[in-house]
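Nothing in this text is a laboratory measurement; each read-out follows from the coordinates by a stated rule. As the structure is a computational prediction, the values presented were derived from the model and not from experiment. FYI the Cβ positions are ideal-geometry reconstructions off the backbone, even for glycines, and counts take in every protein chain you see.
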2 protein chains.
Amino acid sequence: MQFTSEVVEQAVEALSGFPGIGRRTALRLVMHLLKRPDVEVARMAEALLKLKTDLHFCRICNNVSDGELCQVCSNPSRDASLVCVVEDFSDQMAIESTGQYRGVYHVLGGLISPMDGIGPEDIHLQALLDRVQQGGIQEVIMAFSATVEGDTTMYYLARKLKDSAVKTSCIARGIAVGGEIEYADEITLARSLQQRTPYSV
Amino acid sequence: MQFTSEVVEQAVEALSGFPGIGRRTALRLVMHLLKRPDVEVARMAEALLKLKTDLHFCRICNNVSDGELCQVCSNPSRDASLVCVVEDFSDQMAIESTGQYRGVYHVLGGLISPMDGIGPEDIHLQALLDRVQQGGIQEVIMAFSATVEGDTTMYYLARKLKDSAVKTSCIARGIAVGGEIEYADEITLARSLQQRTPYSV
């Protein structure tokens, strides 16, 4: 691309650093910004800067937070004996959006991935084991994506918690609500048969 | 979406203002930023702010520029008697990238679009007519996209320049280089036959 302005080029370079955004898309975003009022661009820049200056991580569960404790950990009506372990805060948000979960969370900030050189010490696993050690936790629910990394982390964590008094569980795998059986993959379908639940009227 | 942090929410809101970026994608971008070094986020915020503070528009052609004149208008080796009119600076960049054009440009910053309430006075058309009035221009090439807005603007501009001494032309429409005839739409194919060019060996 031939840029006639260094300012535009720098903005395109910066935005094309985002995952899934190439230089052409970045140029389109820059053109959009040029047409927006100054105050809107200033607000966007400030919002991005605040991610690094004003954002904290909860002292207990490592979730993103505006203060020392996140909204869940500081809520006395949540069941602190039930901990749901997730990979990242987007997973926590997804679970929180169901409105069904009344326990607390633990955000690992990643999964064990030997292929990428990420070991147990690179994610917030020890902090979770420390929480369990301190007592008061009865069950640890592991809610990871069904990937090699998710399974590896699940296995490692379950092994680590084996000798403690806490119960470990993992979220159910099966046919999605609204999903059609004929289009389900074999592994999911097999798992949904294996883990069938009692049904009576 | 249930946000546990206002800082994250504000960043997601800001980024989802971009065209084609929804709240889910914005959240993914924010998660990416959280994992990047502080200095990179600061550089991005600065690059966006600079779009509003350090960016100028060329006094002659209205193209984005770092100074009062853009790189093309301030280059004495460019043919100032040949003006290529484009909708936006991304079109100018595309033409400049061909490396074939030695004339100068005029960036309208939009096209006439009665449907969207954009009239000739809302784009930089008068500035172009003033440039023609001042003399020194021999030909105006209209390089607009083949849309209703492009055709409308082309018609309006050609009418306005009809009584002046300048020649008006528009870029050729036809089968793309590498394009296959059987997949071309009828209008393009008809146009490419109509506007056939002499070929001899």
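Numbers below:
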read-out: Residue mean of other protein chain beta carbons inside 10 Å, A:9-15; value: 5
read-out: Rg [Å, one decimal], Dmax [Å, integer] - chain A, C-alpha atoms; value: 21.8, 72
read-out: Degrees between helix A:89-98 axis and first principal axis of chain A (Cα, 0 to 90, nearest 10); value: 60 degrees
read-out: Tensor-based shape of region A:94-175 (alpha-carbon gyration tensor, a/c under 1.5 rounded, otherwise prolate or oblate); value: oblate
read-out: Shielding by partners, peptide A:95-103 (average Cβ within 10 angstrom, other chains); value: 1
read-out: Loop-located GluC sites (Glu not before Pro) in region B:130-187 whose Cβ has at most 16 other Cβ within 10 Å (DSSP); value: B:Glu180
read-out: Innermost chain B residue relative to the axis carrying B onto A, by Cβ distance in angstrom; value: B:Ala45, 2
read-out: Region B:22-126, relative contact order in percent, only Cα pairs under 8 angstrom and at least six apart counted; value: 18 percent
read-out: Candidates B:Val30, B:Val72, B:Val83, ranked by Gaussian network fluctuation over chain B, Cα under 10 Å, top entry; value: B:Val30
read-out: Relative contact order of chain A, defined on C-alpha pairs under 8 angstrom at six or more residues apart (%); value: 12 percent
read-out: Structure-based [θ]222 nm, chain A - -39500 (n - 2.57) summed over DSSP H runs of at least 4, per residue, nearest 500; value: -12500 deg cm²/dmol
read-out: Environment charge at B:Arg78 (Cβ cut-off 15 Å; Lys +1, Arg +1, Asp -1, Glu -1); value: -1
read-out: Neighbourhood charge, 9 Å Cβ-Cβ cut-off, centred on A:Glu149 and excluding it, Lys, Arg +1 and Asp, Glu -1; value: -3
read-out: Sparse-neighbour loop sites [trypsin sites (Lys or Arg not before Pro); region A:48-88; at most 14 other C-beta within 10 Å; DSSP]; value: A:Arg59
read-out: Relative contact order, percent, region A:79-170 [alpha-carbon distance under 8 Å, six or more residues apart]; value: 33 percent
read-out: Mean Cβ count within 10 Å, highest first, over the residues of peptides A:33-44, A:5-16; value: A:5-16, A:33-44
read-out: Normalised alpha carbon radius of gyration of the protein assembly as shown [divisor 2.2 N^0.38 Å]; value: 1.37
read-out: Per-pair calculated FRET efficiency, R0 = 35 Å: A:Arg23 and A:Tyr155 via Cβ, rounded to 0.05; value: 0.25
read-out: Antiparallel bridge percentage (DSSP; both residues within the protein assembly as shown; nearest 5); value: 20 percent
read-out: Number of partner chain Cβ atoms within 10 Å, mean per residue of A:122-135; value: 0
read-out: For q = 0.21, 0.26, 0.30 Å⁻¹, Debye-computed log10 I/I(0) when each Cα of region B:6-54 counts as one equal scatterer; value: -0.80, -1.05, -1.13
read-out: Spherically averaged projected area of region B:86-127 from its Cα convex hull (nm²); value: 3.2 nm²
